[in-house]
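The structure under discussion appears below in the form of structure tokens.
The values are calculated or read from the model by the stated rules, or taken from the named source; none is laboratory data. Remember, predicted model here, so these are calculated numbers, not experimental data. Backbone-built Cβ (ideal geometry, glycine too); neighbour counts: all protein chains shown. Protein only, heavy atoms only, side chains kept; ligands, DNA and RNA dropped before computing areas. Shrake-Rupley method; radii C 1.70, N 1.55, O 1.52, S 1.80 Å.
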Amino acid sequence: MSPGNWKPPVVVQGILWILYGLLLQLEPGTATLPLLMDSVIQALAELELKTSVTEAGHTASAWLLSAQDSGAHNPLYHFLLEGQSLNTTKLDPPSLSPELRGLSKEVARHGVRDGKEYGVVLAPDGSTVAVEPLLAGLEAGLQGNRVVNLPLDSTATPPDAGVTFPDVGDTVPDVRATTSPGLRDVSPDVTHADAGTVSPNVRATDLDVGATSLDVRPSSPDVQAPSPDTKAKFPTTVDSLFVVTLARDLGLNFLQGPQTQRHSKLGTEGCWDQLSVPRTFTLLDPEASRLTTAFLNGALDGALLGDYLSRSPEPRPPLSHLLSQYYGAGVAGDPGFRSNFRRQNGAALTLAPTLTQQVWGALILLQRLEPAHLQLQGMSQEQLAQVATHATKEFTETFLGCPAIHPRCRWGAAPFEGTPTPLQLPLGFLYVHHTYVPAPPCTDFERCAANMRSMQRYHQHTRGWSDIGYSFVVGSDGYMYEGRGWHWVGAHTLGHNSRGFGVAFIGNYTAELPVEPALRAVRDQLPRCAVRAGVLRPDFAFLGHRQLVRTECPGDALFNLLHTWPHFDKNVKPRTARQASRTSKRRQPPMIRLAADLQ
């Protein structure tokens, strides 16, 4: 039986409804486990041990999803994931420990209230992940990504002419990780109208879907979005995987009136009360929309893993095992298919034109399923198309196309000493550094965060500076780390600190180069997003540290590569000390050399 035609057995669905009732009986706040992804994986593993081998993977797939009361609050979940009425089989529910039962209740629903975010957990890569869209994607994947024809009834006929899409401008370039789980889009000629039927016309893109770990072949550097003159066809299908993870929430988030438009912003980060035993997550922007960074992380993870499950042959891996790999070293040993690179892989999976169609289709579907929905009443198809285009543009440009940056609280930064000096934005330069010490690149969150704390201690306690000197620091783990950030003068390029941002790669790049994802983050993603945010001028220039200060920073190999980057200013001549300086620096202790590089 192919993965696309598999349907969960009735007995498994019965278990899910039993769990649903069990979880709803719990009182809020009963969880005693820390809000960690490891705790979620532990709960799934315990549930899988208490069910039969044939049921375990499918039972666990909707373990937390069942506690959302989706039938009452989310008709799309009910229609796409629960399907027809269930003949619930009388089964004894597997007994979870009180701690895990409490955890399941606490993280089952995502929400933002009073500046705090609920239903999120801290992952091993340092990111925060919303559990609800993650598990919705897993469930959709196990059901084979059911494709639903639009319109749903004869009264919902598409317009005779195509709807004109507004200009979506520049979109996300190809920022895929080295390897990928395998990416595909839905064929537009799906003929199955039954929500429970999986289309046989799901095709792969330019990937070989026969292998577990797949190489992404080179493609165009830019994903082309529809131009203003393009007549977009009325969406003929929606894919349950995209609808329950991203499309529905993206569309609803941008169905805002003028008085609430400020709440449509995406990607707000937050801080945990503590990293070892996290319990409370407070958003950095108290007026954040529901589509926070944590929600979008969970949605992307759910879409990527759901897509993987939909193509995996039976028997599928236990979900606890799959999540351990994804939030660890990589699924099936593929380091490119893990949470660290969700944005790169998500950009390849959710191409802008396809995602626009899915958002538009999700709004049409919701309009049919919930006619009394206040935000959708009276909305024309052209209006829905404009909302879908705007939502996709914001998502691709402000989230997928931007680097993932861990805020200061995530890596354990000490407070700024004294009063920071504000920058006069926008600035005109990005100064490129390497740290030299630490010399080895950091490849995981634990090591990168430790490197950040070590550099900050040295800068504050030995050099006597107010804070870590750099504006941003780049690890080899798929993340950037906030230093002084966008708004405060740093201590990175003597005599020029107020004119540009100092961005440092962790490692010594005298003889070798940083990994490609790190280079891409600095060369492409960071400046594009900074220009869009208004903190960097469109005519900015890249400069190597050695062009302004007597130093060998950012290392010969990296500086030579820097010459090939767009926006590199080759007219600023290097002031690197020659052989005498190299000899002198080799005699100095490593930390003194680091200080010399900074200044």
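A few comments on the model shown:
- Taking a Cβ cut-off of under 11 Å around Ala130, the surrounding Lys, Arg, Asp and Glu residues balance to a net charge of -2, with basic ones at +1 and acidic ones at -1.
- Mean Cβ neighbour count within 10 Å, used as a protection proxy, ranking 370-381, 439-450, 233-244 highest first: 233-244, 439-450, 370-381
- Available extension along the chain between Leu49 and Met379 is 114.0 nm, counting 0.36 nm per residue and deducting the alpha carbon span.
- Computed from backbone phi with θ = phi - 60° and the Karplus coefficients 6.51, -1.76 and 1.60, the 3J(HN,Hα) list for segment 388-403 is 4, 5, 5, 4, 5, 4, 5, 5, 6, 8, 8, 10, 4, x, 9, x Hz; x is used for glycine and proline.
- Extension gain for Leu513 to Thr282 (0.36 nm times residue separation, less C-alpha to C-alpha distance): 79.5 nm.
- Extents of segment 382-489, taken as max minus min of Cα coordinates on every principal axis and listed largest first, are 61, 34, 24 Å.
- Here the peptides 473-486, 116-129 are ranked by packing, the mean other Cβ count within 10 Å, and the order with the highest first is 473-486, 116-129.
- Carbon-plus-sulfur accessible fraction, segment 276-325 (probe radius 1.4 Å, protein heavy atoms only): 61%.
- Heavy atoms of the protein chains alone define the surface here; on that basis segment 289-374 has 25 Å² accessible area per residue at 1.4 Å probe size.
- Considering only Cα atoms, the convex hull volume of segment 270-371 works out to 172 Å³ per residue.
- Additional length obtainable on full extension of the chain from Leu494 to Thr32, 0.36 nm per residue less Cα span: 161.4 nm
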